[in-house]
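The values are calculated or read from the model by the stated rules, or taken from the named source; none is laboratory data. None of the values given here were measured: they were computed from a predicted structure. Backbone-built Cβ (ideal geometry, glycine too); neighbour counts: all protein chains shown.
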Amino acid sequence: MKERTDMNRNDATRRVFLKQMAIAALGLAALPSAGFAYVRYAEPRWLEKKEVALKLERLPKEMNGMRVVQFSDVHLGFHYSSEHLSGLGAAINRLQPDMICFTGDLIDYALPSDNETAAIIEALASMEAPLGKFAVLGNHDYYKNSAAVAKILSAGGFTVLVNAAAPVKRNGSTLWVAGLDDQWKGKPDIAKALKQMTPDDFVLLLSHCPDIADTSVRHAVDLQLSGHSHGGQVRIPFYENKFVPKYAKKYVMGLYTLGDGKLQLYVNRGIGVSEYPVRFRCRPELTVFTLQNS
């Protein structure tokens, strides 16, 4: 009975979100033709490559200067194709990352065809990072077949972390990359994800939904990378954070510091779009972090 109640509540929340997005889309559609062309065709393809230096007190000195690229919310199948993903892979490689992190929603709703799946795997495999490529699933990855999405990511060379962690070694030192199941459609278990670590280990946590940071901050987590919000996708002045989904209401975009500096959280605006193929004052984002000792 509780599961059915939770499903009904999630459906109701989703209906409210879709209604809000529909209102925003109708408003944008009323713009003059040049303005609508911008929000529909120009800004959704205008990728911002954002450089962020993070000072982290517990980062092992051997990891100082590590470059981590994050991308999120591709939403393949909804105005984003394997060809676009291949171009994104080339952009990522030009940044010369040590590690790549993907924070969920590889697909939108439908699973791709066999030919498209092969092209997606090829695009993912083209992304290069000597210290590894890591991923978590998002809520959209669950709508058809989350196991199939995980298989695509794995075939593309990504380690898919579902309440699990993997060590990353550099110059004789180790940090841990942990990943949570999706907060909306999955069953996140942070204790399970962190069970291999000691309290002294540096932990980079991947979670599709950012608002779980209020739980992460109570654990030995140093840095959390998330997506899901799309930054609101449509940021109308004075209503910037109006059009955000459940579990991205509190932390919407950019860098946050929690627990008096104990945890740093970064929320990526995502690559693709969902529900409505528009962006306004919220460009797609590819983030490259430089990790530094504080």
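Here are the numbers:
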read-out	value
Flag if LYS192 is farther than 24 Å from THR117 by Cβ, modelled with pLDDT of 95 or more and not acidic (Asp, Glu)	yes
Selected residue [hydrophobic (A, V, I, L, M, F, W, C), assigned to a helix (DSSP H, G or I) and in contact with a strand residue (DSSP E or B) (Cβ under 6 Å, 6 or more places away or on another chain)] from ALA166, ALA150	ALA150
Unmet requirement for ALA53, which otherwise passes all of (1) assigned to a loop (DSSP other than H, G, I, E, B); (2) small (Gly, Ala, Ser); (3) farther than 27 Å from LEU137 by Cβ; (4) within 19 Å of the chain's Cα centre (by Cα)	(1)
Test: ALA110 is of a type in the set (Gly, Ala, Ser), at pLDDT below 95, under 25 Å from VAL162 (Cα atoms) and out of contact with any Asp or Glu (no Cβ under 7 Å at 6 or more places or on another chain)	yes
Subset of region 241-252 (residues that are farther than 11 Å from ASP211 by Cα and either free of Cβ contacts under 8 Å to residues at least 12 places away in the same chain or hydrophobic (A, V, I, L, M, F, W, C) (or both))	ASN241, PHE243, VAL244
Residue in region 141-172 that is nearest to PRO130 (Cα to Cα), counting only those that are exposed (fewer than 14 other Cβ atoms within 10 Å of the Cβ) and in contact (Cβ under 8 Å) with a residue 60 or more places away in the chain	ASN171
Residue match in region 72-80 (condition: part of a strand (DSSP E or B), of a type in the set (Val, Ile, Thr) and out of contact with any Asp or Glu (no Cβ under 6 Å at 6 or more places or on another chain))	no
Unmet criterion (only one of (1) closer than 25 Å to ARG67 by Cα; (2) in contact with a helix residue (DSSP H, G or I) (Cβ under 8 Å, 6 or more places away or on another chain)) for ILE107	(1)
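Table: residues versus (1) assigned to a loop (DSSP other than H, G, I, E, B); (2) surrounded by fewer than 17 Cβ atoms within 10 Å (Cβ to Cβ); (3) hydroxyl-bearing (Ser, Thr, Tyr); (4) under 18 Å from the mean Cα position of the chain (by Cα).
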residue	(1), (2), (3), (4)
TYR41	no, yes, yes, no
GLU62	no, yes, no, no
GLY65	yes, yes, no, no
VAL68	no, no, no, yes
LEU85	no, no, no, yes
PRO112	yes, no, no, no
ILE120	no, no, no, yes
ALA123	no, no, no, yes
PRO130	yes, yes, no, no
